[in-house]
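The values are calculated or read from the model by the stated rules, or taken from the named source; none is laboratory data. As the structure is a prediction and not an experimental result, all values here were calculated from the model. Note that we place each Cβ from the backbone using ideal geometry, even for glycine, and neighbour counts take in every protein chain shown. What goes into the accessible areas is simple: the full protein's heavy atoms, side chains included, and nothing from ligands, DNA or RNA. Shrake-Rupley method; radii C 1.70, N 1.55, O 1.52, S 1.80 Å.
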Amino acid sequence: MRYTIPLSTNPQDLLLHETLFHNANGYLGVRAAFEEGYAPGVNSVRGAYINGFYDFAEMKQAEKLCGLIEEKQTMLNVADTQGIRLFVDDEELSLWSGTILEGERTLNMDKGWTERRVLWRSQADKEIEIVVRRTASFMRLSLFLIDYTVRAVNCSPVLRFVSSHRGDVLNYSNPDDPRVAAESVRHLMPAGVVIESIGAIKPIGAIGAIGGSASFVTSDTARSGLRVCSGVTHVLATAGNLVPQKHVSRQCGHGTETEIAVAVEQGETARLLKYCVFTDSLRVADCEAQARRELKAAVGAGPERIYREQEAYLAAFWDKALLEIEGDEALNTAVAYNLYQLLQSAGKDAHCNIAAKGLSGEGYEGHYFWDTEMYIEPFFTLTVPELSRNCIAFRYATLDEARKNARLLGHRRGALFPWRTIMGRECSGYFPSGTAQYHINGDIAWSVVSYYLATGDFAFIAEKGAEIVFECARLWLDAGSWHRGRFEIHGVTGPDEYTCLVNNNYFTNRSAQFNLRWATRFYALLKDAGRLDALAGKIGLTSTEIAAFDRAGKAMYLPYDEALDINPQDDSFLAKKKWDLAETPPEDFPLLLHYHPLHLYRHQVCKQADTVLAHVIFEGGEGGENEKTVRNSFLYYEAITTHDSSLSACVFSIAASRLGYPDKASAYFGNSALLDLADTHGNTKDGIHTANMGGVWMAIVHGFAGLRITETGPVLNPRLPERWRALRFNIACHDSRIQIAINQTAVTLTLVSGTEKTVHVYGKPYTLKDAARVEVSSKR
């Protein structure tokens, strides 16, 4: 699978393409700036990031009130290792001088690399072809490899590479955009630069290779007490017996510069391999020593082995995450792009999670939100469940910080997870649309339960998951109150950030109800398994408290308007004026950038799905609304939702599909699938929209395929768009893998591996065993 576009030097395209073609592996991410840089005055967000690596930054509050957050964490641009300037004899390569004869950029999603190819004619009429391949290794998480080849087309020049390794880097800032930092602050302080010989490197396969020195640049964070080290070395690999005329390295401030020169004949190719590794003190005590080990191992492996490892890793991933749409090849490519980006973004250890922009840019400062649990984990839980397990393990690792956060907000019991964070502390400076989103607790509890239903991993629940669910449930008892026999939750904000600080937000109350019920359920399961006593003793959990969970869950107030037969978003929502979206000028969207928050709060207008999301997530089962109420609610909120959030259209697609509105479902889905590739929100330059990417998968699998995972197994109610000939995808279910193939006339279920499983299709059970296939008519 490939995504290829023509090379562009348009300044706006460059920023967008830095995001679209970034390289990442869940640990590190590098934006796709040109190695040689841009013309003067052309902007670039030239960054490299480590997931979970942060510094503290001041967050000024206009008024110093109790509990307001005055310090946040921010993801750091840790080093610039991608710089390579190329001189053809005495002419420096620049795509703003000379002539670009051909050019394209490619992402290969099967092999795990990006490539920039340019056929360039210098002002002296010397033609060269440059192919730059870049890889962030999934198997060697510290490694970023630049494979830079130059072919002399009509000349026999001396090629001179000037490669830089810089530690004196800053984060990008824009005071006019709330999604990125308002000002650049120096977060990294020089701790050391070392250049040391690595000696001659043995030939790699059939390629002659000559090595030089390695540079190690170490920096300390200004306030968080963390350290980062980047290591770089170069190998000049040639197909013949070319010998470099020069190979020297020198220190340049807090960084180094390496110069390599080689003469080539017409038709010959020079290949420069730039190995870059990143290590940090969050994960290892001595990151400099670790960088040396990682760099030595990478160079010893050589590029071809690294590429084989990458391809094998991705073959296994695509086998698990198989999703193919027949009948719309462009859409199929867009969906594959989205899923690949999720893999690049997903943290691979318990020190990190999945940022709103992945590792592709500095939007939202690298913070983790509810996006992970509600939009991204559903994909991994049913394809690569160990990655969801990592995300939940991160929440468990930060549970003590969540307890502290609850105390800060006045709660005597339980834990309240932060709305946005990197290391577990709240980073939201505007509490009405941040900290007040208590539904984050219900979202995390839902993700734990979803993981359990899909995997049956009860050992993990006993070890970590149940404690999260119990502590989240405790928070609801303290935050809520009893009124006229109902359990109510006041002063919170739901997913819709255009309506803040309300009483009885429907989504919040539904998620709290779900959390409380599953706390009761896990208590019983642990007790039956003889796994309760240790955990109950650790956190002081009693049967009396569990009974209180049960009472509150059963008495949870869920707003309902009898006249409209809908679920109001909150107690006061229907009393407000409706916003006239049709009369709002197109240039006034997104509304949050053009209208004061209080003005938005006084209207019936939604930034994103809120009640509609609750109906999608908590469809059916105990406490589920009847279909007529769900339908009326969908139509009501559809008319007043702007979809200014990238998290919205995919949810409306799922709802429309389930309600039998195929044209609407397809329209909402199309906008979601192309959000980044088409830059429909105009801000992909700040980073990809990971939650929307997960939402795209959800729209296909939970919407068009109608999949739900219940305690009794998978349930399917497919409704394919008419233009799709077929849909095929794999899911993990406990110890089994099931392939589901749907066309316009039939549903075919195949047990790919594992033990016997039962799948319900259109309400009827079908048992799969011994690699069996079952075909079901889709004519209902």
Number of the condition not met by SER97 [criteria: (1) within 22 Å of GLU294 (Cα to Cα); (2) assigned to a loop (DSSP other than H, G, I, E, B)]
(1)
Only residues in segment 561-576 that are part of a loop (DSSP other than H, G, I, E, B) and modelled with pLDDT of 95 or more count as the first member; pair them with residues that are open to solvent by 10 Å² or more (accessible area, probe 1.4 Å) and polar (S, T, N, Q), Cβ under 7 angstrom, at least 6 apart or cross-chain, and list the lot.
LEU564/ASN632; ASP565/ASN632; ASP570/ASN503; ASP571/ASN503
Tally the residues that are more than 18 Å from the chain's Cα centre (by Cα) and part of a strand (DSSP E or B), restricting the search to segment 48-72.
6
Which residue pairs have Cβ atoms under 7 Å apart, sit 6 or more places apart or on different chains, and have a first residue in segment 669-686 that is at pLDDT 95 or above and β-branched (Val, Ile, Thr) and a second that is part of a loop (DSSP other than H, G, I, E, B) and buried (at least 18 other Cβ atoms within 10 Å of the Cβ)?
THR684/ASP676
Within segment 405-422, is even one residue open to solvent by 10 Å² or more (accessible area, probe 1.4 Å), closer than 30 Å to ASP735 by Cβ and without any contact (Cβ under 8 Å) to a residue 40 or more places away in the chain?
no
Checked segment 357-369 for anything open to solvent by 10 Å² or more (accessible area, probe 1.4 Å), on the phi < 0 side of the Ramachandran plot and of a type outside the set (D, E, K, R); matches are PHE369
When you go through THR641, THR629 one by one, which is the residue that is touching a Cys at 6+ places or on another chain (Cβ under 8 Å) and β-branched (Val, Ile, Thr)?
THR641
Quick check: anything in segment 71-79 under 24 Å from ARG160 (Cα atoms) and of a type in the set (A, V, I, L, M)?
yes
Across segment 654-699, the tally of residues that are in contact with a Lys or Arg (Cβ under 8 Å, 6 or more places away or on another chain) and among the small types (Gly, Ala, Ser) stands at 6
The strands (runs of 3 or more DSSP E) lying entirely within segment 239-318 that contain at least 1 residues which are crowded, with 21+ Cβ neighbours inside 10 Å and of a type in the set (Phe, Trp, Tyr) are 269-280
Looking across segment 75-111 at residues that are open to solvent by less than 10 Å² (accessible area, probe 1.4 Å) and hydroxyl-bearing (Ser, Thr, Tyr), the single one that is farthest from LEU20 (Cα to Cα) is THR81
Taking the criterion of being under 36 Å from the mean Cα position of the chain (by Cα), farther than 30 Å from GLY363 by Cβ, modelled with pLDDT under 90 and not aromatic (Phe, Trp, Tyr), would at least one residue in segment 205-219 satisfy it?
no
Turns out the helices (runs of 4 or more DSSP H) fully within segment 617-724 with at least 2 residues that are surrounded by fewer than 19 Cβ atoms within 10 Å (Cβ to Cβ) are 627-638, 662-673
Cβ-Cβ below 8 Å, separation at least six or inter-chain, first residue in segment 308-323 and more than 23 Å from ILE738 (Cβ to Cβ), second assigned to a strand (DSSP E or B): which pairs?
GLN310/TRP113; GLN310/THR135
Those residues of segment 112-125 which are of a type in the set (Lys, Arg) and surrounded by fewer than 19 Cβ atoms within 10 Å (Cβ to Cβ), in sequence order
ARG117, ARG121
Could you please tell me which pairs satisfy a Cβ distance under 7 Å, a separation of 6+ or placement on different chains, a first residue in segment 479-508 that is among the acidic types (Asp, Glu), and a second residue that is assigned to a loop (DSSP other than H, G, I, E, B)?
GLU488/ASN503; GLU488/ASN504; GLU488/TYR557; ASP496/GLN569; ASP496/LYS607; ASP496/GLN608; ASP496/ASP610; GLU497/LYS607
Residue by residue through segment 729-780, note down the ones that are assigned to a strand (DSSP E or B), more than 25 Å from PHE317 (Cβ to Cβ), open to solvent by less than 30 Å² (accessible area, probe 1.4 Å) and not β-branched (Val, Ile, Thr).
ALA746
Just a yes or no: is a residue in segment 580-600 part of a strand (DSSP E or B), free of Cβ contacts under 8 Å to residues at least 60 places away in the same chain, surrounded by fewer than 22 Cβ atoms within 10 Å (Cβ to Cβ) and of a type outside the set (Asp, Glu)?
no
Restricted to segment 518-533 and to residues being open to solvent by 60 Å² or more (accessible area, probe 1.4 Å) and assigned to a helix (DSSP H, G or I), the residue nearest to ILE468 (Cα to Cα) is ARG521
